[in-house]
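All remarks here apply to the structure that follows.
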Amino acid sequence: MRILTHLALWFALAGTSLLITAPAHSASCAGISMPDQIEKDGEKFILNGIGLRLSRFLAFKIKVYAAGLYLTKKSPDPETIISDDQPRHIELHFLRDVNQNKIRNAMQKSFERNAGELIDTLKVRIETFKDAMTDLKTGQTLTFSYLPGKGTTVTLEGVKKAIIEGADFASALFSLWLANPPNSELKVGLLGGDCQ
């Protein structure tokens, strides 16, 4: 009887320990889980949502990456997220290989589609940003973190590739996913909807 009591107590404590140490995830998409909160450069971010970047070929939808948008305060309003000079962080977890030319061309077209009148003002910085893009492999993570007064840091697999200055650039960058994205499912997920 005493052995059974000790075993029950051990399992109860082990279960409590697992509950305490297990990392909390609020959402997952295409097999990618992202934590509720992260800290970058001393700033705490909360997961706003996860979306899926899809590429369409004929009747097929090809999964390119799962993206997680982090803010200091959750928001369902894309215009506020884009226009307010606030810390923002997005990470792209690649689900397939994308070569350097494709990612650079896709980014250029997205800036042209979303930046509007700012495109000429941002031209040099967009080129610097595109120069930081390289071949991306399945399983790699590319992140963009903006902090007011410090600029947007481009990081690939934990290695800083570039820092682009300006709140205007950050707004143009985040509009790629939150204004007129390449597929609507991506925006829906990043704003807190279901990952489709």
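All other residues with a Cβ under 15 Å from the Cβ of THR153 taken together, and with Lys, Arg as +1 and Asp, Glu as -1, what is their net charge?
Once all neighbours under 15 Å are counted, the net charge is -1.
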**Message:** Using Cβ contacts closer than 10 Å as the measure, can you line up MET133, MET107 from fewest to most?
**Reply:** MET107, MET133
**Item:** Proximal aspartates and glutamates to LYS74, defined as alpha-carbon separation beneath 17 angstrom and excluding residues fewer than eight positions away on the same chain
**Value:** ASP36, GLU39, GLU43, ASP84, ASP85, GLU91, ASP194
**Request:** Count the net charge of all other residues whose Cβ sits under 11 Å from the Cβ of ILE32, scoring Lys and Arg as +1 and Asp and Glu as -1.
**Result:** 0
**Asked** Using the alpha-carbon atoms, what tilt in degrees (0 to 90, nearest 10) does helix 100-114 show relative to the longest principal axis of the chain?
**Response** 70 degrees
**Request:** Any chance you could run the full-extension gain for LYS150 through GLU39? It's 0.36 nm times the residue separation minus the Cα-Cα distance, nm to one decimal.
**Result:** 38.4 nm
**Fraction of alpha-carbon pairs over 20 Å apart in segment 92-196 - percent** = 40 percent
**Asked** In segment 24-190, what is the volume of the convex hull around the alpha carbon atoms, normalised per residue and reported in Å³?
**Response** 110 Å³
**Fill in**
Burial-style ranking of 179-187, 112-120, 43-51, average other-beta-carbon count within 10 Å with highest first, yields 43-51, 179-187, 112-120
**Message:** Can you tell me the orientation of helix 119-131 relative to the chain, as the angle in degrees between its alpha-carbon axis and the longest Cα principal axis, to the nearest 10?
**Reply:** 50 degrees
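With each run of n ≥ 4 DSSP H residues scored as -39500 (n - 2.57), what mean residue ellipticity at 222 nm is computed for the chain after dividing by its residue count and rounding to the nearest 500 deg cm²/dmol?
Calculated mean residue ellipticity at 222 nm is -11500 deg cm²/dmol.
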**Where the Cα pairs of segment 133-186 fall when distances are cut into 10 Å bins, in %** = 23, 44, 32, 1
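No lab work stands behind these numbers, since they all come straight from the coordinates. Quick caveat: nothing in here was measured; it's all calculated off a predicted structure. FYI the Cβ positions are ideal-geometry reconstructions off the backbone, even for glycines, and counts take in every protein chain you see.
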